[in-house]
1. Taking the stated definitions as given, is Arg19 at pLDDT below 95, open to solvent by 50 Å² or more (accessible area, probe 1.4 Å) and not polar (S, T, N, Q)?
2. Which of the numbered conditions does Phe37 fail, given that it passes all the others? Conditions: (1) in a loop (DSSP other than H, G, I, E, B); (2) touching a residue at least 60 places away in the same chain (Cβ under 8 Å).
3. Inspect all residues belonging to the stretch 25-32 and state whether any of them is hydrophobic (A, V, I, L, M, F, W, C) and either in a strand (DSSP E or B) or open to solvent by less than 40 Å² (accessible area, probe 1.4 Å) (or both).
4. With respect to Gly55, determine if the residue is within 22 Å of Val2 (Cβ to Cβ), assigned to a loop (DSSP other than H, G, I, E, B), touching a strand residue (DSSP E or B) at 6+ places or on another chain (Cβ under 9 Å) and open to solvent by less than 60 Å² (accessible area, probe 1.4 Å).
5. Identify the residue in the stretch 78-121 that is more than 17 Å from Phe57 (Cβ to Cβ), aliphatic (A, V, I, L, M) and open to solvent by less than 10 Å² (accessible area, probe 1.4 Å) and, among all such residues, is farthest from the chain's Cα centre (by Cα).
6. So Arg38 clears everything in (1) open to solvent by 20 Å² or more (accessible area, probe 1.4 Å); (2) of a type in the set (D, E, K, R); (3) modelled with pLDDT of 95 or more; (4) out of contact with any His (no Cβ under 7 Å at 6 or more places or on another chain) except one condition, right? Which one?
7. Quick one: would you say Arg67 is over 21 Å from Ser113 (Cβ atoms), at pLDDT 95 or above and open to solvent by 10 Å² or more (accessible area, probe 1.4 Å)?
8. Checking the condition on the phi > 0 side of the Ramachandran plot and under 13 Å from the mean Cα position of the chain (by Cα), which residue from Gly42, Gly8 passes?
Amino acid sequence: QVQLVESGGGLVQAGGSLRLSCAASGRTVSSSAMGWFRRAPGKEREFVATINWSGSFTSYKDSVKGRFTISRDNAKNTVYLQMNSLKPEDTAVYYCAASKASGGSSTHVAYDSWGQGTQVTVSS
């Protein structure tokens, strides 16, 4: 089992940027696809972005394309989510997830390890 710890959340004004980090421990995730999901108040958890084991494939939720970038540093066992041009509707708890598979996926069932989440609040 891998432990995932997210950091980098906070309060930011609309149009601002944040960079989330997800540090993995317990086992290497260098061969695992990684994903970011979020849950807004009163809403279901939703997919945000995914990256395959090598970083050669990424996929995004339509509403964040062109604003968010997922990346990884396998030497540091860490995944990142750069969020630019943030909007109030991006407000949510953001979760990092690791898959036992190497390819990226937008479905939560593909992931077997989850972090505790980090709060992102975007004010208008």
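1. Here the answer is no, as Arg19 does not meet what is asked.
2. Condition not satisfied by Phe37: (1).
3. Scanning the stretch 25-32 turns up at least one residue that is hydrophobic (A, V, I, L, M, F, W, C) and either in a strand (DSSP E or B) or open to solvent by less than 40 Å² (accessible area, probe 1.4 Å) (or both).
4. For Gly55, the condition - within 22 Å of Val2 (Cβ to Cβ), assigned to a loop (DSSP other than H, G, I, E, B), touching a strand residue (DSSP E or B) at 6+ places or on another chain (Cβ under 9 Å) and open to solvent by less than 60 Å² (accessible area, probe 1.4 Å) - is met.
5. The extreme case among them is Leu86.
6. Checking Arg38 against (1) open to solvent by 20 Å² or more (accessible area, probe 1.4 Å); (2) of a type in the set (D, E, K, R); (3) modelled with pLDDT of 95 or more; (4) out of contact with any His (no Cβ under 7 Å at 6 or more places or on another chain), the one that fails is (1).
7. yes
8. Exactly one of Gly42, Gly8 is on the phi > 0 side of the Ramachandran plot and under 13 Å from the mean Cα position of the chain (by Cα), namely Gly8.
The values are calculated or read from the model by the stated rules, or taken from the named source; none is laboratory data. Not measured: the values here are computed from a predicted model. Don't worry about glycine lacking a Cβ; one is built from the backbone with ideal geometry, like all the others, and counts go over all protein chains shown. With ligands, DNA and RNA removed, areas are computed over all heavy atoms of the protein, side chains included. Shrake-Rupley method; radii C 1.70, N 1.55, O 1.52, S 1.80 Å.
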